[in-house]
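Chemist: First, the structure itself, so that you have it in front of you.
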Amino acid sequence: MATEVSGRGTDLSAGSPRWGERAILAFLLVCAAVSVLTTIGIVLVLFTEASGFFRNNESVTLTGFLTGTTWQPFGGAQGEYGVLELVNGTLLVTAIAMIVAVPLGLATAAYLSEYAPGRVRRSLKPTLEVLAGVPTVVLGYFALTFITPVLRATIGEIWTVSIFNHLSGGIVVGIMIVPTIASLSEDAMSAVPRALREGAYGLGATKRRVVTRIVMPSALSGIVASIILGLGRAIGETMIVALAVGNLPNLTFNPLDQGQTMTAYIVQAVQGEAPRGSLTYQSIFAVGALLFVMTLVINVAATWFVRRFREEY
Amino acid sequence: MMAVSTPQREAEVAQDALHAPDDRGRRERGFEFGLLIATAVAVVVLAVLLIDIAIDGLPFINSTRFTEYSSRFPEEFGFRSGITGTLSLMILVGLLSFVIGVGGATYLEEFAPNNRFTRFVEANTSNLAGVPSVVYGLLGAGVFVFFFSLGRSLIVGAITLSLLILPVIIVASREALRAVPNALREAGLGLGATPLQTIGRQILPQALPGILTGTILALSRAIGETAPILVVGALFSRRSDNVPWDIDDAFSALPIQVFDLVKRPQAAFQEQVAPAGIIILLVLLLLMNSIAIYLRNRYSRSS
């Protein structure tokens, strides 16, 4: 009977129990389990508070919450809790962000992976990392004090641009997720085997054709996953929208109007120091639960997509 | 002149046919130029952002900003509580997330049997990385502020931020552990060391630079975060005007103060004091990232 000697994956436990080592091992296991406890904690907190929100108040129902279009949460029992008004703000900002981020992110990835000389690559990648590391409150300040005035000075000549508006926040959220999409897509494009490119060149394709017809389709699963992950970050982004989009729930499709996103409502409501158990306090968790479910669905979709459509080379 | 068919002429004709027509070459260059422009957008925005903040904020950086607490008057406003709060958070989050993150990574990478529980933990860790940071704030508020009655204190802020960056640290630490050659493990075990002795004395020290780099980068993300600690109750009122020495003290933090300043109605706070605070915050982050890059370059054996 041959024993495995490959190291990892082999049973290396000592012949006699060493209690100190057992204790350390147990500690390591607990550390690994913290992530599971975190998930359980998030689910428990969000859904107990959210269920209290629906159970203890006759004026609030789950259907009313999910389909109502008026969000006036600070009136206590007289308040109206139709979350669609906030969901609308979140989706409008996210749509603008994706319109900005998908072309820029994919073009950046294609340039880095296929065109950029080594020297340019080595200086561009850290720059993108720096952009990804800028705190979002700083980006929010930039959206409010730079992008918004620029918008008002340019397209403000033709249309009315509110001081707080979806467009400015959406643009900056889009810029924020460019590094996410670019770096994950670039990994996917770089992983496409050289032989595929050379085959296309051998058939007379130009470089542009190779990039758009061979590399991008071959890397599709990674590209789509990067876009879905970027989408999740855009939906959950908080400080940029809290500063730039405003605090007025608004069921509008006009990106130049102000509004409020789900995350911005959470930030606004916690600053009011609503007492625990109050309707406002519980509404924060109901919105948070919906946000959590939305991002969870998105992340699961990204994982599923990669697994389903990955090309094995 | 008649074209005489020579082998050389035939080669020229064949080459001409291979050459792209003119407008094709233009399209090729246009495409590459378009990609370059799109790539430049992110870089240009970053440059404009930094220059804009420097122009706004640098004239208003002075000693008051470091020595004084918050104030109703722009010229007297200082970031003392924010700076000390952020530094205290850094120490606590660094300790907590490093111990738990490295412990968890060591277990998953070196000990975990390939069973359902391990796979569940791994899938769970990657899903947690996609949860919005503001939701972690709700977790902190519900579990630690109220359930464990820790109040709106420094330790709750630190725990919340630690949980937020834990998935990042675990992934980075696992990569660093995986990069240590298996021969070292076999050598340690072959000399009679127990698995834990091998890992503790040989493998972890080898992986430490990679682990530290990942931890510092994650830490710099944590201290730039605003939403989670705002939700668990970091304050910007006068009540937080203290230097938090104790883990149950009320606390503020630099990003929290910046947020408060941008929202104040008086223009001077938004236009002068907020960018000054942003500069202090960015310099702090730059220092941390420089340390991480230094560690990465100092100890990376490849390249």
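Chemist: Within segment B:145-162, is there a residue that is under 29 Å from A:Arg233 (Cβ atoms), among the basic types (Lys, Arg) and either assigned by TED's automatic domain parsing to the domain that holds B:Gly82 or open to solvent by less than 10 Å² (accessible area, probe 1.4 Å) (or both)?
Modeler: yes
Chemist: Scan segment B:24-70 for residues that are open to solvent by less than 40 Å² (accessible area, probe 1.4 Å) and not in a helix (DSSP H, G or I) and jot them down.
Modeler: Within segment B:24-70, B:Ser70 is the sole residue that qualifies.
Chemist: I would also like to ask the following. Return the only residue of A:Gly89, A:Gly41, A:Gly68 being outside the structural domain of A:Ala143 (by TED's automatic domain parsing), over 30 Å from A:Val215 (Cβ atoms), touching a residue at least 12 places away in the same chain (Cβ under 8 Å) and not charged (D, E, K, R).
Modeler: Going through A:Gly89, A:Gly41, A:Gly68 in turn, the sole match is A:Gly68.
Chemist: Do we have B:Ile83 as on the phi < 0 side of the Ramachandran plot and either buried (at least 24 other Cβ atoms within 10 Å of the Cβ) or within 18 Å of the chain's Cα centre (by Cα) (or both) here? Can you show your working first?
Modeler: Numbers: on the phi < 0 side of the Ramachandran plot: yes; either buried (at least 24 other Cβ atoms within 10 Å of the Cβ) or within 18 Å of the chain's Cα centre (by Cα) (or both): no.
The answer is no for B:Ile83.
Chemist: What residue, among those in segment B:163-180 that are open to solvent by 10 Å² or more (accessible area, probe 1.4 Å) and more than 10 Å from every other protein chain (Cβ to nearest Cβ), is farthest from the chain's Cα centre (by Cα)?
Modeler: Among those residues, the one meeting the criterion is B:Ala179.
Chemist: Take A:Val270 and tell me if it is within 12 Å of chain B (Cβ to nearest Cβ), assigned to a helix (DSSP H, G or I) and under 30 Å from A:Gly52 (Cα atoms). Steps first, please.
Modeler: Numbers: within 12 Å of chain B (Cβ to nearest Cβ): yes; assigned to a helix (DSSP H, G or I): yes; under 30 Å from A:Gly52 (Cα atoms): yes.
Criteria met by A:Val270.
Chemist: Now for a separate question. Would you mind finding the one in A:Val93, A:Val87, A:Val120, A:Val45 that is over 19 Å from A:Thr261 (Cα atoms) and either in a loop (DSSP other than H, G, I, E, B) or touching a helix residue (DSSP H, G or I) at 6+ places or on another chain (Cβ under 7 Å) (or both)? Break it down stepwise before answering.
Modeler: Working: A:Val93 fails: over 19 Å from A:Thr261 (Cα atoms); A:Val87 fails: over 19 Å from A:Thr261 (Cα atoms); A:Val120 fails: either in a loop (DSSP other than H, G, I, E, B) or touching a helix residue (DSSP H, G or I) at 6+ places or on another chain (Cβ under 7 Å) (or both).
Criteria check complete, one pass: A:Val45.
Chemist: Same structure, new question: Looking only at segment A:68-91, which residues are within 20 Å of the chain's Cα centre (by Cα) and at pLDDT below 85?
Modeler: Listed by number, the list is empty, since nothing qualifies.
Chemist: Only one of (1) more than 9 Å from chain B (Cβ to nearest Cβ); (2) under 30 Å from A:Ala191 (Cβ atoms); (3) crowded, with 16+ Cβ neighbours inside 10 Å is not met by A:Ser123, so which one is it?
Modeler: (3)
Chemist: Where residues in segment B:134-152 are in contact (Cβ under 8 Å) with a residue 40 or more places away in the chain and at the interface with another protein chain (Cβ under 7 Å from one of its Cβ atoms), which of them is farthest from A:Ala274 (Cα to Cα)? Outline the logic, then answer.
Modeler: To start, the set of residues in segment B:134-152 that are in contact (Cβ under 8 Å) with a residue 40 or more places away in the chain comprises B:134, B:136-138, B:140-141, B:144-145, B:150-152.
Checking the rest, the ones that are also at the interface with another protein chain (Cβ under 7 Å from one of its Cβ atoms) come to B:134, B:138.
Working: B:Val134: 17, B:Leu138: 13 Å.
The selected residue is B:Val134.
Chemist: Still on this structure, I have one more. Restricting segment A:276-296 to residues that are in a helix (DSSP H, G or I), open to solvent by 10 Å² or more (accessible area, probe 1.4 Å) and not aliphatic (A, V, I, L, M), which is nearest to the other protein chains (Cβ to nearest Cβ)?
Modeler: Within segment A:276-296, the first condition is being in a helix (DSSP H, G or I), and the residues that meet it are A:279-296.
Next cut, open to solvent by 10 Å² or more (accessible area, probe 1.4 Å) only: A:279-282, A:290, A:292-294, A:296.
Adding the requirement that they be not aliphatic (A, V, I, L, M) leaves A:280-282, A:292.
Details: A:Thr280: 13, A:Tyr281: 9, A:Gln282: 11, A:Phe292: 5 Å.
The selected residue is A:Phe292.
Chemist: Of the residues that sit in segment B:256-290 and are within 10 Å of chain A (Cβ to nearest Cβ) and open to solvent by 30 Å² or more (accessible area, probe 1.4 Å), which one is nearest to the chain's Cα centre (by Cα)?
Modeler: Of everything passing the filter in segment B:256-290, B:Asn289 is nearest to the chain's Cα centre (by Cα).
Chemist: Within segment A:74-84, how many residues are in contact (Cβ under 8 Å) with a residue 40 or more places away in the chain and out of contact with any helix residue (DSSP H, G or I) (no Cβ under 8 Å at 6 or more places or on another chain)? Let's see the steps before the verdict.
Modeler: So the first thing to find is which residues in segment A:74-84 are in contact (Cβ under 8 Å) with a residue 40 or more places away in the chain, and the list is A:74, A:76-77, A:79, A:81, A:83-84.
From the residues that got through so far, the ones that are out of contact with any helix residue (DSSP H, G or I) (no Cβ under 8 Å at 6 or more places or on another chain) too are none.
Adding up the residues that qualify gives 0.
Chemist: Also, I was wondering about something else. Answer with yes or no whether A:Leu184 is hydrophobic (A, V, I, L, M, F, W, C), touching a helix residue (DSSP H, G or I) at 6+ places or on another chain (Cβ under 8 Å), more than 30 Å from B:Pro265 (Cα to Cα) and open to solvent by less than 40 Å² (accessible area, probe 1.4 Å). Working first, answer last.
Modeler: Numbers: hydrophobic (A, V, I, L, M, F, W, C): yes; touching a helix residue (DSSP H, G or I) at 6+ places or on another chain (Cβ under 8 Å): yes; more than 30 Å from B:Pro265 (Cα to Cα): yes; open to solvent by less than 40 Å² (accessible area, probe 1.4 Å): no.
Criteria not met by A:Leu184.
Chemist: Follow-up. Would you tally the residues in segment A:133-166 being more than 9 Å from chain B (Cβ to nearest Cβ) and either among the aliphatic types (A, V, I, L, M) or open to solvent by less than 50 Å² (accessible area, probe 1.4 Å) (or both)?
Modeler: Let us first name the residues in segment A:133-166 that are more than 9 Å from chain B (Cβ to nearest Cβ), namely A:143, A:147-166.
Next, only the ones that are either among the aliphatic types (A, V, I, L, M) or open to solvent by less than 50 Å² (accessible area, probe 1.4 Å) (or both) stay: A:143, A:147-148, A:150-151, A:153, A:155-156, A:158, A:161-163, A:165-166.
Total meeting the criteria: 14.
Chemist: Sticking with this one: Quick check on this structure: which one of B:Phe111, B:Phe31 is among the aromatic types (Phe, Trp, Tyr) and either closer than 30 Å to B:Ile155 by Cα or assigned by TED's automatic domain parsing to the domain that holds B:Ala250 (or both)?
Modeler: Details: B:Phe31 fails: either closer than 30 Å to B:Ile155 by Cα or assigned by TED's automatic domain parsing to the domain that holds B:Ala250 (or both).
Exactly one of B:Phe111, B:Phe31 is among the aromatic types (Phe, Trp, Tyr) and either closer than 30 Å to B:Ile155 by Cα or assigned by TED's automatic domain parsing to the domain that holds B:Ala250 (or both), namely B:Phe111.
Chemist: Kindly indicate whether B:Gly130 is open to solvent by less than 10 Å² (accessible area, probe 1.4 Å) and either more than 30 Å from B:Leu189 (Cα to Cα) or not in a helix (DSSP H, G or I) (or both). Give the steps one after another, and end with the answer.
Modeler: Working: open to solvent by less than 10 Å² (accessible area, probe 1.4 Å): no; either more than 30 Å from B:Leu189 (Cα to Cα) or not in a helix (DSSP H, G or I) (or both): yes.
Answer is no for this residue.
Chemist: A follow-up question, please. Kindly indicate which of B:Phe77, B:Phe73 is open to solvent by less than 10 Å² (accessible area, probe 1.4 Å) and away from every other protein chain (no Cβ under 12 Å).
Modeler: Details: B:Phe73 fails: open to solvent by less than 10 Å² (accessible area, probe 1.4 Å).
After ruling out the rest, the residue left standing is B:Phe77.
Chemist: Here's something else I'd like to know. Which of the residues spanning segment A:183-219 are more than 18 Å from A:Tyr111 (Cβ to Cβ) and of a type in the set (A, V, I, L, M, F, W, C)?
Modeler: A:Ala195, A:Leu196, A:Ala200, A:Leu203, A:Ala205, listed by residue number.
Chemist: Hey, another quick one. Condition (residue is under 19 Å from the mean Cα position of the chain (by Cα), open to solvent by 60 Å² or more (accessible area, probe 1.4 Å) and charged (D, E, K, R)) applied to segment A:213-233: is it met by at least one residue?
Modeler: Taking segment A:213-233 as the starting set, the residues that turn out to be under 19 Å from the mean Cα position of the chain (by Cα) are A:221-233.
The next check asks that each one be open to solvent by 60 Å² or more (accessible area, probe 1.4 Å); those that pass are A:229, A:233.
Applying the additional criterion that residues be charged (D, E, K, R) yields A:233.
Within segment A:213-233, one or more residues are under 19 Å from the mean Cα position of the chain (by Cα), open to solvent by 60 Å² or more (accessible area, probe 1.4 Å) and charged (D, E, K, R).
Chemist: What's the number of the condition A:Asn247 fails, among (1) open to solvent by 20 Å² or more (accessible area, probe 1.4 Å); (2) in a helix (DSSP H, G or I); (3) not charged (D, E, K, R)?
Modeler: Going through (1) open to solvent by 20 Å² or more (accessible area, probe 1.4 Å); (2) in a helix (DSSP H, G or I); (3) not charged (D, E, K, R) one by one, A:Asn247 breaks only (2).
The values are calculated or read from the model by the stated rules, or taken from the named source; none is laboratory data. Since the model is a prediction, treat every value here as computed from it, not as a measurement. Cβ sites come from the backbone with ideal geometry, for glycine too, and all protein chains shown count toward neighbours. The area values use the complete protein model at the heavy-atom level, side chains included, leaving out ligands, DNA and RNA. Shrake-Rupley method; radii C 1.70, N 1.55, O 1.52, S 1.80 Å.
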